[in-house]
Amino acid sequence: MQDRPTIQELLKAVTHFLDEEAVPNLTGSRQFYGRVAANALRIVMRELEHEETQLTEEWIRLNQLFPSEEQSRTQTALRNAIRHRTEALCQRIRNGEADVDPLRTQVLAHVRASVREKLLVSNPQ
């Protein structure tokens with residue numbers, strides 16, 4: 001772990017520079033791409049802010065669909081485990097297993113919550 005400035009502070013500083021210094025002094029497509037870059041950095045900041053909570057909550061929901069696995073200890077391992085379980089869930093959906101309750105209700109609730117979490121990061125408005 002690094003001292004200051006933190007990752008969030010660095011991202012905020014670059015975003016501030018883009019918003020306050022660069023973009024107002026650009027025109028046309030360069031101004032547009034400056035705004036896109038600043039927005040991309042804000043998405044990264046929200047991702048970092050919410051990542052731990054969202055990964056844990058997604059793991060809990062997937063654990064209801066695939067019970068009795070222990071949660072991974074690192075975020076990288078947890079991301080990989082979630083990806084593996086999501087692939088398994090997709091296969092169950094393709095096989096028609098999620099067409100009837102109770103799995104159907106659980107899958108729909110999981111997908112709704114996952115989409116809500118992703119929108120919180122990509123476009124909170």
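Structural remarks
- Helices (runs of 4 or more DSSP H) completely within segment 7-98 that count 2 or more residues being closer than 20 Å to Leu119 by Cα and open to solvent by 90 Å² or more (accessible area, probe 1.4 Å): 28-65
- Whenever a residue of segment 13-26 is more than 9 Å from Ala38 (Cα to Cα), its partners that are modelled with pLDDT under 95 and open to solvent by 60 Å² or more (accessible area, probe 1.4 Å), lying with C-beta atoms within less than 9 angstrom and at least six residues away or across chains, give the pairs Ala13/Pro5.
- Gln31 meets each of the listed conditions (1) out of contact with any Ser or Thr (no Cβ under 7 Å at 6 or more places or on another chain); (2) at pLDDT below 95 apart from (2).
The values are calculated or read from the model by the stated rules, or taken from the named source; none is laboratory data. If you're wondering where the values come from, they're calculated on a predicted model, not measured in any experiment. Here Cβ is always computed from backbone atoms with ideal geometry, including for glycine, and neighbour counts include all displayed protein chains. To get the accessible areas, we keep the full protein, side chains included, count just its heavy atoms, and leave off ligands, DNA and RNA. Shrake-Rupley method; radii C 1.70, N 1.55, O 1.52, S 1.80 Å.
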